[in-house]
């Protein structure tokens, strides 16, 4: 056992919206921002305001990677409101970019160039896009931006060089579970802890073994609260320095891709988020939530590189999560009926 106290935990939230409402240009994306970023539902709002307020209530800090290219099309005003809501609650605003916005821009940054992932651009083009997004985010009031995450985790090593050229010190685009698809940061072995790459520090998204030979990212919608707690406990036990958790501004909703009136709270994920915050708040001697602005010294990778990722592979934990995911695929009314029935026999919490 190589326990070191406390384990730095980063609760990171990707803040982004996509135009689905027919009149999104006329109202500066208002309906889509209400749904995707503020989490508006008939039962209340469960987006960034809910998240930052719940974090602050428990004395925790979050890192909100805010998508900034949308301001090229809808103006700085909506972005400034998002930045204000996050920073006033004591959480951190960092940079997020989805290059899919190119196809929606009336005056595209790179002419007719289109890119699903930023890694599809040249180094010079990536620098231009990052500089523009940084300009937008700073104009919106973001203070001391020093970290980045690529949309879809779709960065490559040129992206890291471009970020360093733009003065960004930290990146969190490495996600082992995405190396076979969008993420272009493969290095031959699994990155477990922060490491220097291409002139900055890479902070990988935590991944853990949920059953032999299979890994899952520490993402709110991907793991149960019991699996997340077990992975955190194991990471602490084996001496990890940092554990990056991923979520989204819209992650606590379901039926989000339908018209706004049909978005509803995802009570299972709300419970997971609440349970995570309560767990970290009640174990502050072992876990400390931090942001990138709190990192005053480089990580000591030689001291903190364990030989294996955390394991949370108890059969009961994995089975419970799979069952919960199956329930969430049911129509909302049917899911609620089944969960209530399970709760009556003591099986309602996954």
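Rule-based calculations on the coordinates, nothing more; no lab input. Just so you know, these numbers come straight off a predicted model, no measurement behind them. When we count neighbours, we look across all protein chains shown, and the Cβ atoms used for this are built from the backbone with ideal geometry, even at glycine.
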Potential extension, residue 88-residue 135 segment - 0.36 nm per residue separation minus Cα distance: 14.9 nm
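What order, most packed first, do the peptides 125-133, 225-233 have when packing is the mean number of other Cβ atoms within 10 Å of each residue?
Numbers: 125-133: 20.7, 225-233: 22.2.
Going from most to least packed, we get 225-233, 125-133.
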Peptides 176-182, 107-113, 87-93 ordered by average Cβ neighbours within 10 Å, highest first: 87-93, 176-182, 107-113
Cα→Cβ-extended label distance, 7 Å offset, between residue 214 and residue 264, nm: 2.8 nm
Å³ per residue enclosed by the Cα convex hull of segment 157-223: 94 Å³
Centroid-to-centroid separation of segment 1-79 and segment 87-150 [C-alpha atoms, Å]: 16 Å
Neighbour-count ranking [beta-carbon atoms within 10 angstrom, fewest first] of 269, 95: 269, 95
Stretchable slack from residue 311 to residue 237, in nm (0.36 nm times residue separation minus alpha-carbon distance): 25.5 nm
Alpha carbon centroid spacing (whole Å) that separates segment 156-216 from segment 227-247: 17 Å
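Is the shape of segment 7-313 rounded, prolate or oblate, going by the alpha carbon gyration tensor and its root eigenvalues a ≥ b ≥ c, with a/c under 1.5 for rounded and a/b larger than b/c for prolate?
Numbers: a/c = 1.63, a/b = 1.19, b/c = 1.38.
Oblate.
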